[in-house]
Amino acid sequence: MSTISTRRPAGRTGPGRPTVGRGPGRGGSARTRNSLTHPPRTGAVLVAPAILFVAVFVLVPLVFALYISFTNWPLIGPYRFIGLQNYLTLFQDPTFVHAIGYTLLYTAIVTLPILALGYFLAVLVRARRRGSTILRTVFFLPYVVGLTTLSFMLVLEAQPNSGAVNMVLRWLGITDGSTAWLVNGPLATVLICVLVVWAVSGLTMVLLMSAMQGVPDEVYESAQLEGASWWQTERLITFPMIRSTVALSVIISVIGSLLAFNQFYILTQGGPGTETTTIVNAIYNRGFVNLQLGAATAQSIALVVVIAAVTVFQFWALREKD
């Protein structure tokens with residue numbers, strides 16, 4: 001749009017001659033034209049620190065780990081490139097093979113109870129009634145405290161004669177109170193599984209409760225008008241509508257179980273013998289106790305690949321069902 005301006009010639013006091021010129025919106029300054037043709041790279045500047053962080057603390061260690069998995073690096077001293085030998089001999093380590101079986105057993109034991117207890121707690125606290133907020137906090141608190149802290153506490157509570165676990169069992173008349181839980185493989189496994197189910201089900205509760213609150217109330221009202229029971233409502237309405245969140249909870253539980261380390265290291269150190277040794281325990285012992293870091297790194301990479309494959313398969317199966 002053109003604008004009309006009035007210029008007053010120098011030395012004259014009369015009205016100036018109208019002139020036609022370009023408005024401020026056309027042409028503009030060089031800075032404006034440059035900003036239009038070359039938009040600010042604000043996004044790149046903001047993303048750059050995150051990319052640098054990932055490159056330095058994720059990609060570089062990953063590439064280095066991949067490299068040393070092809071060597072016989074003893075952590076201290078010279079090493080040499082040995083190709084695929086560490087990968088070809090993965091299952092020749094009896095401790096690692098036993099750890100795989102034990103970890104799969106442990107995963108199978110805890111996954112379903114974590115989901116079932118978390119689902120029950122979510123149903124219990126999803127209603128907005130008095131006391132529900134307190135119950136949510138109480139049920140979620142063990143997960144906030146963490147398995148590491150709870151494991152240190154359980155070391156004291158599982159002591160023969162003086163521990164709270166044995167005192168309660170003796171009061172109930174189940175045992176004489178002298179059971180040595182942590183030096184017996186099956187008993188230690190039971191104790192650790194109970195601890196993990198109790199601690200992790202709080203996270204499952206929060207995930208499922210959030211999904212349940214997204215189900216429209218009208219759906220439940222229609223089910224009540226049709227005379228549906230509580231079990232029918234949960235089985236035919238709630239569970240199908242939160243199936244993706246249930247799958248996510250299962251994936252989190254499975255991955256956490258496959259990577260279990262802290263609770264076993266603190267409570268049993270993988271013993272007695274190697275009876276309660278998990279995959280990560282076996283990798284740790286081979287790398288930092290036996291100083292065979294190349295072989296331990298190869299085992300770690302194999303574990304990461306398996307976990308990634310399991311995760312991709314579970315998401316694919318969920319998508320196919322949807």
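Just to be sure, is I255 among the aliphatic types (A, V, I, L, M), without any contact (Cβ under 8 Å) to a residue 60 or more places away in the chain and either under 15 Å from C193 (Cα atoms) or part of a helix (DSSP H, G or I) (or both)?
yes
State yes or no: is V194 free of Cβ contacts under 8 Å to residues at least 40 places away in the same chain, in contact with an Asp or Glu (Cβ under 8 Å, 6 or more places away or on another chain), β-branched (V, I, T) and surrounded by 13 or more Cβ atoms within 10 Å (Cβ to Cβ)?
no
Report, by residue number, each residue of the range 74-115 that is in a loop (DSSP other than H, G, I, E, B) and closer than 20 Å to V304 by Cα.
Across the range 74-115, the qualifying residues are G83, L84, T89, D93.
Give me the pairs, please: first residue somewhere in the range 285-297 and without any contact (Cβ under 8 Å) to a residue 60 or more places away in the chain, second residue anywhere and surrounded by fewer than 20 Cβ atoms within 10 Å (Cβ to Cβ) and of a type in the set (A, V, I, L, M, F, W, C), beta-carbon distance under 9 Å, and either six or more positions apart or on two chains.
A296/F288
How many residues, within the range 171-182, are outside any loop (DSSP other than H, G, I, E, B) and buried (at least 17 other Cβ atoms within 10 Å of the Cβ)?
The qualifying residues number 2.
Condition check: within 32 Å of the chain's Cα centre (by Cα), assigned to a loop (DSSP other than H, G, I, E, B) and either of a type outside the set (G, A, S) or exposed (fewer than 14 other Cβ atoms within 10 Å of the Cβ) (or both). Does V200 satisfy that?
no
If you scan the range 203-224, which residues turn out to be touching a residue at least 40 places away in the same chain (Cβ under 8 Å) and part of a helix (DSSP H, G or I)?
Those that are touching a residue at least 40 places away in the same chain (Cβ under 8 Å) and part of a helix (DSSP H, G or I): L203, T204, M205, V206, L207, L208, M209, M212.
Listed here are the residues, each with its yes/no results for (1) more than 11 Å from T103 (Cα to Cα); (2) of a type in the set (S, T, Y).
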{"residue": "V250", "(1), (2)": "yes, no"}
{"residue": "L259", "(1), (2)": "no, no"}
{"residue": "I266", "(1), (2)": "yes, no"}
{"residue": "P272", "(1), (2)": "yes, no"}
{"residue": "T297", "(1), (2)": "yes, yes"}
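Only one of these is over 25 Å from P272 (Cβ atoms), out of contact with any strand residue (DSSP E or B) (no Cβ under 7 Å at 6 or more places or on another chain) and among the polar types (S, T, N, Q): S162, S151, S132, S178. Name it.
When all the criteria are applied, what remains is S132.
Does the range 212-228 include one or more residues that are within 19 Å of the chain's Cα centre (by Cα), hydrophobic (A, V, I, L, M, F, W, C) and modelled with pLDDT under 95?
Within the range 212-228, not a single residue is within 19 Å of the chain's Cα centre (by Cα), hydrophobic (A, V, I, L, M, F, W, C) and modelled with pLDDT under 95.
Residues that are surrounded by fewer than 14 Cβ atoms within 10 Å (Cβ to Cβ), farther than 18 Å from A260 by Cβ and in contact (Cβ under 8 Å) with a residue 24 or more places away in the chain: does the range 132-143 have at least one?
Checked the range 132-143: at least one residue is surrounded by fewer than 14 Cβ atoms within 10 Å (Cβ to Cβ), farther than 18 Å from A260 by Cβ and in contact (Cβ under 8 Å) with a residue 24 or more places away in the chain.
Restricting to the range 130-175, name every residue that is over 16 Å from L191 (Cα atoms) and aliphatic (A, V, I, L, M).
If the condition is that a residue be over 16 Å from L191 (Cα atoms) and aliphatic (A, V, I, L, M), then I134, L135, V138, L141, V144, V145, L172 are the ones that fit.
Quick one: in the range 145-170, of everything that is out of contact with any helix residue (DSSP H, G or I) (no Cβ under 6 Å at 6 or more places or on another chain), assigned to a helix (DSSP H, G or I) and without any contact (Cβ under 8 Å) to a residue 40 or more places away in the chain, which residue is farthest from Q263 (Cα to Cα)?
R170
Any residue at all in the range 116-130 that is on the phi < 0 side of the Ramachandran plot, of a type in the set (S, T, Y), part of a helix (DSSP H, G or I) and under 26 Å from the mean Cα position of the chain (by Cα)?
yes
The values are calculated or read from the model by the stated rules, or taken from the named source; none is laboratory data. Owing to the predicted nature of the structure, the values given are computational and were not obtained by experimental measurement. Please note: Cβ atoms are built from the backbone with ideal geometry, for glycine as well, and neighbour counts cover all protein chains shown.
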